[in-house]
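Reviewing the structure listed below.
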Amino acid sequence: MTARALLLVDLQNDFCAGGALSVPEGDSTVDVANALIEWCQARDIRIVASQDWHPANHGSFASVQGTEPFTQGTLDGLPQTWWPDHCVQHTEGAELHQLLNKKAIEAVFYKGENPTIDSYSAFFDNGHRQKTALDSWLRERGVSELIVMGLATDYCVKFTTLDALKLGYDVNVITDGCRGVNLQPQDSARAFMEMATEGATLYTLDDWREMQG
């Protein structure tokens, strides 16, 4: 039997309504997450989460760069969008959403702690220079298949999924459990297409539950 894990990507206050970098309809992912958590608990599927966890002086912040949010530049030699300050360590904005069933989460993996480079993926920084502990944790427990959902489709969900595929995991993305920033109108649609092209399987929550039985 393949060991599976549910990976909840960055379901944090700052990415939801009223947050510093709120994703349109971001809150709607929490109900999907809780339904999926309940489904996983009934099947003894492990449940983990990632959290953006930035120092206050993170180099991706527009305020640090003295520039306008959502403009483009370069950070540590990599293309970079300058973001509003968000998910600063030990702030309310960095906390997992208050309506999320946090008690069910077995482990949380922090990313974006290095102020000199951004980290969209839950596995690596954007330059693949450092790994988080997530891959080792999953392998130690024999996990080879992931169910992925969260925020935001076109950044952290996409890069987490692409890295998971490159690391050899089978990846299922629950599309209605994701919402995108959409700096360009079709960014989320393109992200889903890219994930599918690279080998992820896309499901709605209802389709997933029906297929799994």
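With a cut-off of at most 15 other beta carbons within 10 Å, and DSSP calling the residue loop, which trypsin sites (Lys or Arg not before Pro) in the stretch 26-108 qualify? Please list them. Can you show the working numbers first?
Working: sites: 43, 46, 102, 103; in loops: 43.
Taking the stretch 26-108 and a limit of 15 other Cβ atoms within 10 Å, the loop trypsin sites (Lys or Arg not before Pro) found are 43.
Each of 182, 28, 148 was scored by the projection of its Cα onto the charge dipole of the chain, and the greatest displacement toward the positive side belongs to 148; charges sit on the C-beta of Lys, Arg, Asp and Glu. For the chain, the solvent-accessible area of protein heavy atoms averages 44 Å² per residue (probe radius 1.4 Å; ligands and nucleic acids excluded). Rounded, prolate or oblate: which fits the stretch 160-213, taking a ≥ b ≥ c as square roots of the Cα gyration tensor eigenvalues, rounded meaning a/c under 1.5, else prolate when a/b beats b/c? Oblate, since a/c reaches 1.5 and b/c is not below a/b. Here the label points at residue 130 and residue 196, each 7 Å from Cα along the C-beta direction, are separated by 3.6 nm in the simple model.
Go ahead and run the numbers for FRET between residue 71 and residue 91, Cβ-Cβ distance against an R0 of 30 Å, rounding to 0.05. Don't skip to the answer; put the middle values down first.
Working: r = 24 Å, r/R0 = 0.79.
Approximately 0.80, to the nearest 0.05.
Hydrophobic long helices, here whole DSSP H runs in the chain with Kyte-Doolittle means of at least -1.0 and Cα atoms spread over 18 Å or more along the helix axis, are found at 28-41.
Restricting to the chain, what percent of DSSP beta bridges are antiparallel, rounded to 5?
On the way: 6 of 34 bridges.
Restricted to the chain, the bridges split so that about 20 percent are antiparallel.
At 222 nm, what value in deg cm²/dmol follows for the chain if DSSP H runs of at least 4 each add -39500 (n - 2.57) and the sum is divided by all its residues, to the nearest 500? Intermediate values should be presented prior to the final figure.
Numbers: 6 runs with 53 residues, N = 213.
Theoretical 222 nm ellipticity from helices: -7000 deg cm²/dmol.
Semi-axis lengths, largest first, of the ellipsoid equivalent to the stretch 1-69 are 32, 15, 7 Å, with √(5λ) applied to each eigenvalue of the Cα gyration tensor.
Each part gets one Cα centre, and for the stretch 32-86 versus the stretch 96-172 those centres are 10 Å apart.
Within the accessible area of the chain, the carbon and sulfur atoms contribute 48%, probe 1.4 Å, all protein chains present. Max-minus-min Cα coordinates of the stretch 103-213 on each principal axis give 41, 38, 29 Å, with the largest extent listed first. The GluC sites (Glu not before Pro) of the stretch 75-125 include none that DSSP puts in a loop with a beta carbon having at most 11 other beta carbons within 10 Å. Across the cross-link table entries 103/158; 102/166; 111/166; 131/166, which are compared at the Cα atoms, the separations over 23 Å belong to 103/158; 102/166. Extension gain for residue 145-residue 57 works out to 28.1 nm (0.36 nm per residue, less the C-alpha to C-alpha distance).
The values are calculated or read from the model by the stated rules, or taken from the named source; none is laboratory data. Because the structure is a prediction, the values reported are computed rather than measured. Counting neighbours? That spans all protein chains shown, and the Cβs are built from the backbone with ideal geometry, glycine included. Heads up: the accessible areas ignore ligands, DNA and RNA and are worked out on the full protein's heavy atoms, side chains in. Shrake-Rupley method; radii C 1.70, N 1.55, O 1.52, S 1.80 Å.
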